[in-house]
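Visitor: I am attaching a structure below and will ask some questions about it afterwards.
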Amino acid sequence: MESVLAGAAEKDPTGLTGLLPNGGGFRYYSVTSSVPHKGEANYRLTIDGLVDHPTSFTLADLRALPQTRLVRDVQCVTGWRVPGTPFEGVRLSRLLDAAGVRSSARAVRFTCFDGAYTESLTLAQARRADVLVALRMQDKPLGHNHGGPVRLYVAPMYFYKSAKWLSGITVTEDVRPGYWEDRGYDVDAWVGKSNGRDDDPTS
Ligand SMILES: Nc1nc2c(c(=O)[nH]1)N[C@H]1C(S)=C(S)[C@@H](COP(=O)(O)O)O[C@H]1N2
Ligand SMILES: [Mo]
């Protein structure tokens, strides 16, 4: 199963991006061969679904909200890890509160302007203080390769939960598995407790 992600998603068959400046231990992943560039003029993040106030945010709107900075280790489920990486952005819980989540809601679904990737969290997971709609990474504005201008950052979970090129947040009744979850990965992707890593009772 891990080989699925390692083989299909990693657009770096040569391993050379690890040698590029700014690589910093990160590998570039995209399930699509190209992704449009969006910025100040045309980036929008929409929040809809089971909310009282569907909203659309520009980059300036997001920057004007209180920002939270977290420094945690990034862990890809295929094994690579980048220690102590700063991410900064708006807590997802703040955006959900602003939109007014309805009582029938249980989950949140994320869509991306690459047109293909999706992710999901339960509402309880989405409201955690260590889940951000991130505008900055490594103390710089998020570059396109890292999912800029805006990506999700789910600090306690494997990095596949951190959807790049985030464009939509839909509040839903149930969790719908995301792109990699349809291909075998755990929906609850807690680092160390999922994807057959530390939950083997014989280990
Ligand atoms: N839209 C989108 N988000 C994505 C992915 C992707 O292919 N497309 N890959 C995921 C995986 S498996 C990882 S490890 C990280 C990689 O982030 P990076 O390219 O900034 O290192 O993004 C996650 N988010
Ligand atoms: Mo990953």
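So that you can scan it fast, the table gives a plain yes or no per residue for (1) assigned to a helix (DSSP H, G or I); (2) within 18 Å of the chain's Cα centre (by Cα); (3) closer than 16 Å to Leu135 by Cβ:
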| residue | (1), (2), (3) |
| --- | --- |
| Asp61 | yes, no, yes |
| Leu70 | no, yes, yes |
| Gly84 | no, yes, no |
| Asp97 | yes, no, no |
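Visitor: If you take the residues of the range 33-86 that are within 30 Å of Asn195 (Cβ to Cβ) and among the small types (Gly, Ala, Ser), which of them is farthest from ligand 2 (Cβ to nearest atom)?
Guide: Gly49
Visitor: Here is a list: Gly178, Gly184, Gly192, Gly196. Which entry is open to solvent by 40 Å² or more (accessible area, probe 1.4 Å), of a type in the set (Gly, Ala, Ser), more than 19 Å from Arg94 (Cα to Cα) and not in a strand (DSSP E or B)?
Guide: Exactly one of Gly178, Gly184, Gly192, Gly196 is open to solvent by 40 Å² or more (accessible area, probe 1.4 Å), of a type in the set (Gly, Ala, Ser), more than 19 Å from Arg94 (Cα to Cα) and not in a strand (DSSP E or B), namely Gly196.
Visitor: Search the range 143-159 for residues being over 12 Å from Lys38 (Cβ atoms) and among the small types (Gly, Ala, Ser), and hand back the single one that is most open to solvent (accessible area, probe 1.4 Å).
Guide: Gly143
Visitor: Right, here's the next one. Scan the range 161-168 and tell me whether some residue there is more than 28 Å from Ser33 (Cβ to Cβ) and outside any helix (DSSP H, G or I).
Guide: The answer is no, given that none of the residues of the range 161-168 is more than 28 Å from Ser33 (Cβ to Cβ) and outside any helix (DSSP H, G or I).
Visitor: Okay, next question. Among the numbered conditions (1) polar (S, T, N, Q); (2) surrounded by fewer than 22 Cβ atoms within 10 Å (Cβ to Cβ); (3) closer than 24 Å to Ser56 by Cβ, tell me where Ser162 comes up short.
Guide: Tallying (1) polar (S, T, N, Q); (2) surrounded by fewer than 22 Cβ atoms within 10 Å (Cβ to Cβ); (3) closer than 24 Å to Ser56 by Cβ, Ser162 fails exactly one: (2).
Visitor: Also: Do any residues in the range 19-41 that are surrounded by fewer than 17 Cβ atoms within 10 Å (Cβ to Cβ) have Cβ atoms under 7 Å from those of residues that are at pLDDT 95 or above and in a loop (DSSP other than H, G, I, E, B), where the two are at least six apart or on different chains, and which pairs are they?
Guide: The qualifying pairs are Gly24/Gln138; Thr32/Asp114; Thr32/Gly115; Thr32/Ala116; Pro36/Phe113; Gly39/Pro149.
Visitor: So, one more: State the number of residues belonging to the range 51-65 that are open to solvent by 70 Å² or more (accessible area, probe 1.4 Å) and of a type outside the set (A, V, I, L, M).
Guide: 4
Visitor: When the range 99-125 is examined, which residues are found to be buried (at least 17 other Cβ atoms within 10 Å of the Cβ) and assigned to a loop (DSSP other than H, G, I, E, B)?
Guide: Across the range 99-125, the qualifying residues are Ala105, Phe113, Asp114, Tyr117.
The values are calculated or read from the model by the stated rules, or taken from the named source; none is laboratory data. All figures in this text were calculated on a predicted structure; none of them were measured in a lab. Heads up, the Cβs are rebuilt from the backbone with ideal geometry, glycines too, and the neighbour counts pull from every protein chain shown. For the accessible areas, the whole protein counts, side chains as well, though only heavy atoms, and no ligand, DNA or RNA atoms are used. Shrake-Rupley method; radii C 1.70, N 1.55, O 1.52, S 1.80 Å.
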